[in-house]
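First up is the structure itself, then whatever we jot down about it.
Just so you know, all these numbers are worked out from the coordinates, no wet-lab data involved. All values derive from a computational prediction rather than experimental measurement. When we count neighbours, we look across all protein chains shown, and the Cβ atoms used for this are built from the backbone with ideal geometry, even at glycine.
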Amino acid sequence: MIERSLAGDGRIVEQDVFGTADSGQIGAAVEHFCRRELGCGASAGLFYESSVGCVLGLELTDGRRVVLKAHQPDRTAARLGACQAVQAGLHARGFPCPEPLLAPRPLGRGLATLERHLERGARADAREPAIRDEIAARLFELMAIARDVGLGTDLGGSWFGSLPPQQLWPRPHNARLDFAATARGAEWIDELARRARAVPAAGERVLGHFDWRAEHFRFEAGRISTVYDWDSLHFEREPIATGAAACAFTTDWSRTDLPLAPSLAEIRSFFASYEQARGRSFEPAERRTAHASCVYLTAYLARCQHTRAAEDRSARDRAFIDSLAEVGPALLQAL
């Protein structure tokens, strides 16, 4: 059953994570992992997704439902363990995140983490004002809880604040994305990213979730009931974390009926929703930092989409390219 859940998926990230894209070999490796670490096998595959890592929902032969995430080799046990500590701390305090079940263990070419399967609630459209307000409010709540109890202070900063000054981009999150080979025509994207990186960073350092977007939330009665993807944490300046969320809070790659990238008006509304939850507005320097962070991440996503040949880009495949053309100059013009 694991093999059937993986069948047909031969993307490059599997090579990075498992050393193979063969679904049978991956299934066998996962089965061996479950028997070695959990004392039982997997009876069913619930879902499979891959992007930065490979995520499998599994039903075990003892009836438990778990989510296993296999990470690329550059994800260290120290960092993954620190993310799990935050997740466990938040879960213990009632924040809607799955409970971690197993410290990082070897799988494939790297490490795997395990958490309890938590599928509570349904997806929602983040463009609805009440849903947008909830997403922004929960982001602030996450930061506030972590600040109060000292969670995540050992996690490093984000791309925006941690790259050397001479380095414009991080290593792309997927090996199929070759920025150097696709630089032609992307000069305007690079220039907006460079302008954003030049803005001085301001604001308090807090715990931030740097993949805070619609695809990773489930809702019940208008409230977020589940938040996923807890290895995307950084201890970073509050406006940088907020700007990153504003860039992609509407994004859900699984829904083809909704646009991926927020409009300029929606980004500004997200900032307003966050400030309302925060109880005070950003100072001018903080606002500049938030705008720059939003532009930089939009530019990174646009650069990823630019690696696809222009004639092969659908509307979704150029969503962040189009967004950057609108958002970048507008948010940077006052900086």
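Values as computed for the structure displayed
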item: Semi-axes of the equivalent ellipsoid for the chain, Cα gyration tensor, largest first, Å; result: 32, 24, 19
item: Choice from Ala201, Ala265, Ala248 with maximal GNM fluctuation in the chain (Cα, 10 Å cutoff); result: Ala265
item: Sum of -39500 (n - 2.57) over DSSP H runs of 4+, divided by residues of the chain (222 nm, nearest 500); result: -13500 deg cm²/dmol
item: Rounded tilt (10° steps) of 319-332 against the dominant C-alpha axis of the chain; result: 40 degrees
item: Folded to 0 to 90 degrees: helix 187-197 orientation relative to the chain principal axis, Cα; result: 80 degrees
item: Quarter of the Cα convex hull surface for the range 140-297, i.e. its orientation-mean projected area (nm²); result: 10.7 nm²
item: For the chain: relative contact order, % (alpha-carbon pairs under 8 angstrom, 6 or more apart); result: 16 percent
item: Residue order, fewest to most beta carbons within 10 Å, for Val66, Val206; result: Val66, Val206
item: With Cα atoms, 0 to 90° folded angle of helix 129-149 axis to the chain main axis; result: 80 degrees
